[in-house]
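Below is one structure; the comments refer to it alone.
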Amino acid sequence: MKFAFPQDPTHAVSAMRRIDEAADTQSGQSNLERQQDIAVVGQTVPLVFCNRHEWGLDGLGQELGENGGLWISPRLIGLYPRALEANLLFLVSSGEIRGMEMDDVYYGYDKLDTKVSEDYIINDDGTIEVDEDGMPVYQTVYPYFAYAYEAIPPGIDSVYQPGGSDELHIPNIRPREEFPLNGYNFTTNDNCEKLQILINGDLWSEKTGTFVNSAAKGARTYSTNRCETKIICCGYAAEIHTWAMSCYGASGYSVTTNGVSWSGYYHSGSSFNRNFSRTGCISCTYTAGSWYDSNGPNVTVEFYTYAVYSITVTEQSARDDDPPAYSNAFVLRIDGRSSFALPEIDLEPGTYQVNIEKIEDGWDSSINYVPVSPGPSQDSQVMALTEERQTYTESGKSPGRGKTDAEIQITETIYSRIEYPEVPGGGEQTSGTFFDLTLAGIRGSIRALKPVDGTGQDYWVQTHIFIRQGVEVQRLLPQSFPEADEVGASHFYGDLVYYLLGKAQMIKADQIDVDSLRSACRVHDHYKIFYNGAMQLTNSFSEWLTRTAPYFLMTPRQVNGKYGIWPVVPINQATYEFSREPVESYLTMAITADEIVQGSYSRQYFPAKDRKDICLVMVYKDQPPGAPGQTVTIEVRYRGTALQGPFEQHDLTEFCCHPNQAMMSARYLLARRRYTSHSVQMTMGRRGAQLTPGDVVSVELAVDTTNGDGISDLFYYQVETITEGQGGQVSLELIHFPTALNDDGATISVIAREIHEGQVSVQ
């Protein structure tokens, strides 16, 4: 008999597990940001069954804290783009789920509420709304999350356009930047299909030349003499007449006066009436200012002109000999304007290299350039050239080579084709009735959910949701929940079995052993063994029940025509613990050799290799609410045994989220393997019909020895199956029920003891 179903019982499993576990611990699940899973026709709809709550103490007295719930990665069943917005529809679970919150939704590695984007406002005609200056108007787009049962979640626009894809055009305006226009280059975003370039700039040129006509003004320094003569009437020779003298000024020059020399003589006449002549002479030295030297001053002259530029757009992956995707020339002419817009460039969607080069510059001869008149004045000369922006030319030649300082703004239109996933049912299925299904929806900016700005992400990222409360079911123990409701989310394996039996309609309601399921719930409540998982396999219900029940320390049985689950060993009906009372307290029947049909008794011992001590590799799923859960592994063995294996892996990630639960299952599996030694088949009379599967019986046989003395062969067994034959005979299949003596000398169940007290090592 198999008590559980191990996977890959090899040493390699354990070794590989350790490597994987270490990686997960450091960086989380490596596939969180994988491409979104798409629902396809024929897939099984998952059933999310879980309940996050405060677990309290388990049956062994250990504090467990808050746990439970489930991380899921739902499949996409609908994608509906609207302008710059995406509406995504997900299939969460069969059955009704309540209480999902946006705070528990992740988009890849990031929480959904971080996917905020500044987007343009799109008008009804598909154009971008602009302000009075012609600039796009932005709006803040926040992500939105909703869910619903048997309907499209509110706020999700799900008008479906089947049979193809949508074209999406997203304008992306780069911030203005300053640069020298000549030699400017940049790479577009991915899937660029249109370019618009606006240039704001100033064109100027440099000229160095002589701006003083030295021939007209002479040397930098020159000197002159100046004399004045005055006649004094009726003077006497003894009289001395003087007067002030100064040099005349010259514009732009400083003057130095070098003394005065005097001379004089008398005109004819009497000594009393003759005239006296007086002459004064001075030397004047003129010196030019700093503006003047042998070549004249060096100044920068700004002027209006033009420049011719080439623009070349080449595919980033193009070879050297491939023709450009776009090539043209444009003229930048200031002429009192400060901006220039290139014609719109249409491209095939792709990534492009854009280069701008100057190929010609000059001045326009049609413009009347008036030179500044040469002169010695530094101030008037230089100010006229720089601030009045006039031009000095020589022989009609260009005043110099031009330069451009510019500010550029680039608008790229990004193209994206959105492929619709295949929706189960096909056609125009969008918003019809979804029978017994819970759906979730996300609405958000496409720029945030599927960037098209050169990040390399060209797909929709997988969404992850933490479900705190799973599908609502009939609760067999409503008193075990804080709200004491008879219907709601549950974590009891018995509630799940009851729910599935009802949904499957495999048997009638009166064929379900509700009492056994309720008793199982009480046992699991005591030991804190819960189901937190999503059922999405296509296996039959009976196969699933047979496979999973041993991990919950239960076994499926049919008793008195009713189907249910029972503990693997008897329980104390008062405490719902696995009984460590004397076997006699729950022994159903003592069978002697006289009651066994002669020749019907047979005993089969399990092979020694199947009873050898092993190390169990128990894999479960941690379910913290703050981040997607991690796969965790523990190794459980009897102390001092199986240090080098053999190893046997049991995958509990389908439902287990706590190490104590995994260890409880491991203790049971180890004890069964070590202590259960054989099985028995036999036939007895009508009294055997009183037995039911799960009952504990004793079988005592008298065995003769070689010396003639008889001994008693006494074993305890659990009834596996009962088959009534002809003549009132009953065939029994029994499994060894191992026992041992406790400290008081009483015979108790070894399995029950090991579940509670097994000396195991956990790594």
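Observations on the structure shown:
- Conditions (1) assigned to a helix (DSSP H, G or I); (2) modelled with pLDDT under 90; (3) out of contact with any Pro (no Cβ under 9 Å at 6 or more places or on another chain); (4) of a type outside the set (Phe, Trp, Tyr): number failed by Ile507: (1)
- Entry remark, the stretch 592-628: residues being part of a loop (DSSP other than H, G, I, E, B) and closer than 24 Å to Glu648 by Cβ number 7 in total.
- Test result for Gly645, of a type outside the set (A, V, I, L, M), under 43 Å from the mean Cα position of the chain (by Cα), surrounded by fewer than 20 Cβ atoms within 10 Å (Cβ to Cβ) and farther than 29 Å from Ile465 by Cβ: yes
- Phe655 vs. criteria more than 23 Å from His526 (Cβ to Cβ), crowded, with 19+ Cβ neighbours inside 10 Å and among the aromatic types (Phe, Trp, Tyr): no
- Consider the stretch 242-278 and keep the residues that are of a type in the set (Phe, Trp, Tyr) and farther than 20 Å from Glu228 by Cα. The one that is modelled with the lowest pLDDT is Phe272.
- If you go through the stretch 519-553 and keep only what is free of Cβ contacts under 8 Å to residues at least 24 places away in the same chain and assigned to a loop (DSSP other than H, G, I, E, B), you end up with Asn539, Ser540.
- Hey, Arg557 farther than 17 Å from Glu654 by Cβ and in a strand (DSSP E or B) or not: yes
- Count of the stretch 560-586 residues, restricted to those that are part of a strand (DSSP E or B) and more than 20 Å from Thr747 (Cβ to Cβ), is 5.
- Failed item in (1) out of contact with any Phe, Trp or Tyr (no Cβ under 7 Å at 6 or more places or on another chain); (2) within 19 Å of Gln718 (Cβ to Cβ), with Val583 passing the rest: (1)
- Asp8 being touching a Ser or Thr at 6+ places or on another chain (Cβ under 7 Å), at pLDDT below 75, farther than 30 Å from Thr140 by Cα and among the acidic types (Asp, Glu): no
- Any hit, the stretch 644-660, residues being among the small types (Gly, Ala, Ser) and either in contact with a Ser or Thr (Cβ under 8 Å, 6 or more places away or on another chain) or free of Cβ contacts under 8 Å to residues at least 12 places away in the same chain (or both): yes
- The requirement of being at pLDDT 90 or above, of a type in the set (D, E, K, R) and buried (at least 19 other Cβ atoms within 10 Å of the Cβ) is fulfilled nowhere in the stretch 49-56; no residue meets it.
- Members of the stretch 732-762 that are over 53 Å from the mean Cα position of the chain (by Cα) and charged (D, E, K, R): Glu733, Asp743, Asp744
- Per-region count, the stretch 446-458, residues under 13 Å from Leu79 (Cα atoms) and either modelled with pLDDT of 80 or more or not assigned by TED's automatic domain parsing to the domain that holds Pro81 (or both): 2
- Residues satisfying the stated conditions in the stretch 41-70, i.e. part of a loop (DSSP other than H, G, I, E, B) and of a type in the set (A, V, I, L, M, F, W, C): Val41, Val45, Cys50, Trp55, Leu60, Leu64
- Residues of the stretch 107-135 that turn out to be within 22 Å of Pro81 (Cβ to Cβ) and either of a type in the set (A, V, I, L, M, F, W, C) or not assigned by TED's automatic domain parsing to the domain that holds Glu85 (or both), as a count: 5
- Of the residues examined, Met589 is one that is in a strand (DSSP E or B), assigned by TED's automatic domain parsing to the domain that holds Glu754 and buried (at least 16 other Cβ atoms within 10 Å of the Cβ).
The values are calculated or read from the model by the stated rules, or taken from the named source; none is laboratory data. This structure is a prediction, so every number in the text was calculated from the model and none was measured. All Cβ positions, even for glycine, are placed from backbone atoms using ideal geometry, and neighbour counts span all protein chains on display.
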